[in-house]
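FYI, it's all coordinate maths here, none of it is from the lab. Predicted, not measured: the structure shown is a model, and the values here were computed from it. We place every Cβ from the backbone using ideal geometry, glycine too, and count neighbours over all the protein chains shown.
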Amino acid sequence: MMGNEAGLKIEEMLCQLADATRIDGEIWRAAYTPEDRIAKNILREWIEEQGLEYREDAIGNVYGRLPGTKPGTVLTGSHLDTVKNGGKYDGALGVVTGVAALGYLKQSGYVPKHSLEVVGLMEEEGSCFASGCQGSRAICGTLKEEDLEEVGRDGVTLREALLSAGYQPEALKSAKRDDIRAIVELHIEQGPVLESEQKQIGIVDSIVGIFNYELTIQGSQNHAGTTSMPLRHDPVVAAAKFITESTRQMMEQAPSATLTYGMLQVFPGMQNVIADHVDLRIDMRDGSEEALLQDEVILKRALESIERKGFKTRLSKNHCLASAQMDPNVIQVIERHCKEKQLAYKHMNSGAGHDSMVFGKHFPTAMIFVPSIRGISHNPAEATAAADIQTGFELLCDVLKELSE
Ligand code: HGY
Ligand code: MN
Ligand code: MN
């Protein structure tokens, strides 16, 4: 492979995918939407152009396959969906690089022993169906019948969304895979470490655990002009106190934790009305379940301080993703190729969630990170240099080749 040809081509494909799936100028490829269909149609063309076999499973994951001569499959890929107003690289880079790698191997005449497959996974971000990772959970067999009743952002259940997108929720079990020998997910780092340390590759050792909560803070709805300041019971002010206090305490007492308040809704939401209540969504992450349970105590203590001021609160933990260790053998294969290629690499932990944390509980799984420019992610400005994509692509080709033998 010469120069950055593959890196530049992958970059061009990512731009094409992003441009075809914008809504009002924002990239948002949510599960079972028209944008999701457009992305899959484009992907199908690319997969077939490379001479790979295309298929979609019952939950909507898309696959490209380079058949091998023996049973068993080595899987690469990532998620095809994005967050709202997301970037071009998160998820899509792993899918597109996987298609390019399998295409390159096929065109170079390589016939794998164990089949190679690239997958574009459904709804990792949970931007419609908040529990997230539905694609990888279906592949692992942990997405159950009852999970199809999850109500999404648009008020429809996952089952209804699947049906209206032409999928077969009744065939959910057929999406489960038992033939996977190894999984390698290539992804952008989404943080500043690789760039600041001038590394080309990150080898992921572990991925953080995530607890998500819904919180309601109840106040007393009243008139903005006639209710004097000492007499009002404003849940927005209580929410602001809670956010400030919990953030301060978390930083002091649990420096490894992250705490994010990314969704706040004020009801009824009028300029001249003291609110009735505020709904918040909380994303809290840390290295292990034990750590997260301790962090939860800090969160609850901060909540008690506003309850003492007379506000009723309701906190419910709605989703948990367990932290995950990546597979030492797959890591070893990646590391050996990094050394052979004399790449600047480092082992690291991922603060972002990935399908690999679901896969890692069922199949030997590891992740390759490439640097994110200025560490920006979940943002339209997300970017990775073509030279770094090229490095990731070449490493992925070699790793897949070895794992499929
Ligand atoms: O939220 C996450 O960490 C991931 O980007 N889905
Ligand atoms: Mn993401
Ligand atoms: Mn991602």
- Estimated distance in nm for a label pair at ASN41 and GLU197, the labels positioned 7 Å out from Cα along Cα-to-Cβ: 4.4
- Mean ellipticity per residue at 222 nm, deg cm²/dmol - from DSSP H runs of n ≥ 4 across the chain, formula -39500 (n - 2.57): -11000 deg cm²/dmol
- Note on the structure: Cα gyration tensor of the chain diagonalised, 5x eigenvalues square-rooted, in angstrom largest first, produces semi-axes 41, 23, 19
- Note on the structure: Between the alpha carbon centres of the range 302-324 and the range 1-38 the gap in Å comes to 38
- Candidate span helices, the chain: DSSP H, at least 15 Å along axis from Cα coords, Kyte-Doolittle average at least -1.0, result 5-20, 92-107, 235-253, 289-307, 328-340, 386-403
- Query: How many angstrom lie between the C-alpha centres of the range 125-181 and the range 41-60?
  - Reply: 19
- Query: What percent antiparallel are the DSSP beta bridges of the chain, to the nearest 5?
  - Reply: 65
- Task: Can you spot the aspartates and glutamates whose alpha carbon is less than 12 Å from LYS70's alpha carbon? Ignore those fewer than 8 places along the same chain.
- Result: ASP179, GLU405
- Query: Which shape class applies to the range 187-255: rounded if a/c is under 1.5, otherwise prolate when a/b exceeds b/c and oblate if not, where a ≥ b ≥ c are the square roots of the Cα gyration tensor eigenvalues?
  - Reply: prolate
- Item | Average Cα contact separation per residue, the range 209-321, under 8 Å, 6 or more apart, as relative contact order % | 46
- Message: I'd like the distance between the alpha-carbon centres of the range 73-118 and the range 191-225, rounded to an integer number of Å.
- Response: 27
- Query: What is the spin-label model distance, in nm, from ASN349 to ALA381 if the labels are put 7 Å beyond Cα along the C-beta direction?
  - Reply: 2.8
- Message: Quick check: pseudo-label points 7 Å beyond the Cα along Cα→Cβ at LYS339 and ALA240, how many nm apart are they?
- Response: 5.7
